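Following: one structure in structure tokens, then a few remarks.
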Amino acid sequence: MNAPPEMPPREPRGVQAVETGFSLLAVLAAHGCLGVAELREISGLSRAQIHAYLVSFQRAGLIEKDPRGTGYRVGPFGLELGMAQLLRLDPQAIAAEEARRTAETCGQTISTSVWGLYGPTVTATLQAGEEIRNSARPGTVYSVTGTATGILFAALLPADVIRATAAAQHGEPDPVRFIGRCPALEEIRPQIEQARTHDMAITYSWPQRGVSALAAPVRNFSDEIEMVLTMIGADTEIDIDPQGFHATQMRALAARVSRQLGHVPARD
């Protein structure tokens with residue numbers, strides 16, 4: 001006698017009204033301060049529904065009226081919830097997990113880097129498979145002016161910080177503590193401007209012949225650069241088109257990590 005087919009697990013039952021209400025909160029979180037008419041247009045809820053939710057959310061401290069009288073915004077308790085989430089986050093763990101998935105999807109290596117005492121410093125290297133494609137390990141320092149990672153930092157960090165670090169690296173005696181060539185900052189102005197334009201730094205067979213890289217920024221809740229994610233691979237395998245497959249994958253990766261760190265993209 002054949003066994004009866006297994007039934008798929010049933011989803012736990014939720015409270016529809018709560019889910020609807022939190023969709024309204026998500027609209028406020030994404031758009032800042034909104035009036036009832038704008039909330040109605042974006043959410044599709046009726047004016048009566050919106051008013052009822054706004055009253056309850058104000059009582060709970062999740063939202064508050066803008067003192068200027070232009071609408072509603074996230075309230076003190078809503079901010080407390082957000083800060084509680086941000087305080088428990090581990091940006092490096094989030095980035096490593098997301099980068100590992102993208103590395104496997106693309107078959108390339110991705111490194112995560114932060115701005116350290118001596119410049120761009122690798123915090124993790126996620127290899128695609130067992131083949132070693134990038135020898136950089138945690139603690140490795142990249143050149144500011146001679147790597148895609150460094151150029152992206154140079155495009156996004158304050159100019160005085162970049163000038164000081166670039167000058168220090170340029171004048172460092174052998175053996176240097178960083179990877180990559182060290183051209184003068186003025187020599188890479190075009191690459192810096194391109195990085196700002198595309199919000200991504202791309203190098204082709206430079207500074208190391210045969211190796212190309214795409215670097216994308218991760219931003220935090222303050223819209224500041226938190227780290228840089230860099231795909232590194234053979235120039236015969238990496239698509240360096242700013243709108244190509246690998247660039248699209250890296251932008252999506254950076255956006256996912258940024259979102260988990262509380263970053264809200266600027267609205268057009």
task: Return the only residue of 149, 145, 165 being hydroxyl-bearing (Ser, Thr, Tyr), crowded, with 17+ Cβ neighbours inside 10 Å, part of a loop (DSSP other than H, G, I, E, B) and assigned by TED's automatic domain parsing to the domain that holds residue 124.
output: 145
statement: residue 107 fails exactly one of (1) of a type in the set (Gly, Ala, Ser); (2) surrounded by 15 or more Cβ atoms within 10 Å (Cβ to Cβ); (3) closer than 16 Å to residue 214 by Cα, namely (2)
message: I'd like the full set of residues that are out of contact with any strand residue (DSSP E or B) (no Cβ under 8 Å at 6 or more places or on another chain) and either touching a residue at least 12 places away in the same chain (Cβ under 8 Å) or polar (S, T, N, Q) (or both), limited to the stretch 253-265.
response: 256, 260, 262, 264
message: Which condition from (1) surrounded by fewer than 15 Cβ atoms within 10 Å (Cβ to Cβ); (2) in contact with a helix residue (DSSP H, G or I) (Cβ under 9 Å, 6 or more places away or on another chain); (3) of a type in the set (Gly, Ala, Ser) is the one that residue 99 breaks?
response: (1)
message: Which residue is nearest to residue 244 (Cα to Cα), if the candidates are limited to the stretch 201-213 and must be out of contact with any Ser or Thr (no Cβ under 7 Å at 6 or more places or on another chain) and crowded, with 22+ Cβ neighbours inside 10 Å?
response: 202
message: Under 8 Å between Cβ atoms, which residue pairs at least 6 apart in sequence (or on different chains) link something in the stretch 89-108 that is at pLDDT 95 or above with a partner that is loosely packed, with under 15 Cβ neighbours inside 10 Å?
response: 102/252
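Between 228, 218, which is crowded, with 16+ Cβ neighbours inside 10 Å, in contact with a Phe, Trp or Tyr (Cβ under 7 Å, 6 or more places away or on another chain) and modelled with pLDDT of 95 or more? Before you say what the answer is, go through the steps one by one.
Working: 218 fails: in contact with a Phe, Trp or Tyr (Cβ under 7 Å, 6 or more places away or on another chain).
One residue alone meets the criteria, 228.
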- line: Taking first residues from the stretch 191-220 that are farther than 17 Å from residue 99 by Cα and second residues anywhere that are in a loop (DSSP other than H, G, I, E, B) and aliphatic (A, V, I, L, M), the pairs with Cβ under 7 Å that are 6 or more apart or on different chains are 202/240; 204/240; 212/238; 212/240
- request: Evaluate the following for residue 55: is it more than 30 Å from residue 214 (Cβ to Cβ), modelled with pLDDT under 85, exposed (fewer than 14 other Cβ atoms within 10 Å of the Cβ) and among the aliphatic types (A, V, I, L, M)?
  value: no
- prompt: Mind checking which residues of the stretch 5-21 are modelled with pLDDT under 85 and surrounded by 10 or more Cβ atoms within 10 Å (Cβ to Cβ)?
  reply: 17, 21
task: Quick one: residue 115 ticks every box in (1) over 23 Å from residue 243 (Cα atoms); (2) part of a helix (DSSP H, G or I); (3) at pLDDT 95 or above except a single one, so which number is it?
output: (2)
Residues (in a helix (DSSP H, G or I), surrounded by 13 or more Cβ atoms within 10 Å (Cβ to Cβ) and not small (Gly, Ala, Ser)) located in the stretch 239-254: 246, 248, 249, 250, 251, 253
- prompt: Say we look at the stretch 62-86 and pick out the residues that are touching an Asp or Glu at 6+ places or on another chain (Cβ under 9 Å) and surrounded by 15 or more Cβ atoms within 10 Å (Cβ to Cβ); which of these is modelled with the lowest pLDDT?
  reply: 78
query: Does the stretch 52-71 hold any residues that are part of a strand (DSSP E or B) and under 19 Å from residue 18 (Cα atoms), and which are they?
result: 63, 64
- request: Determine whether the stretch 124-136 contains at least one residue that is at pLDDT below 80 and farther than 27 Å from residue 210 by Cβ.
  value: no
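The values are calculated or read from the model by the stated rules, or taken from the named source; none is laboratory data. As the structure is a prediction and not an experimental result, all values here were calculated from the model. When we count neighbours, we look across all protein chains shown, and the Cβ atoms used for this are built from the backbone with ideal geometry, even at glycine.
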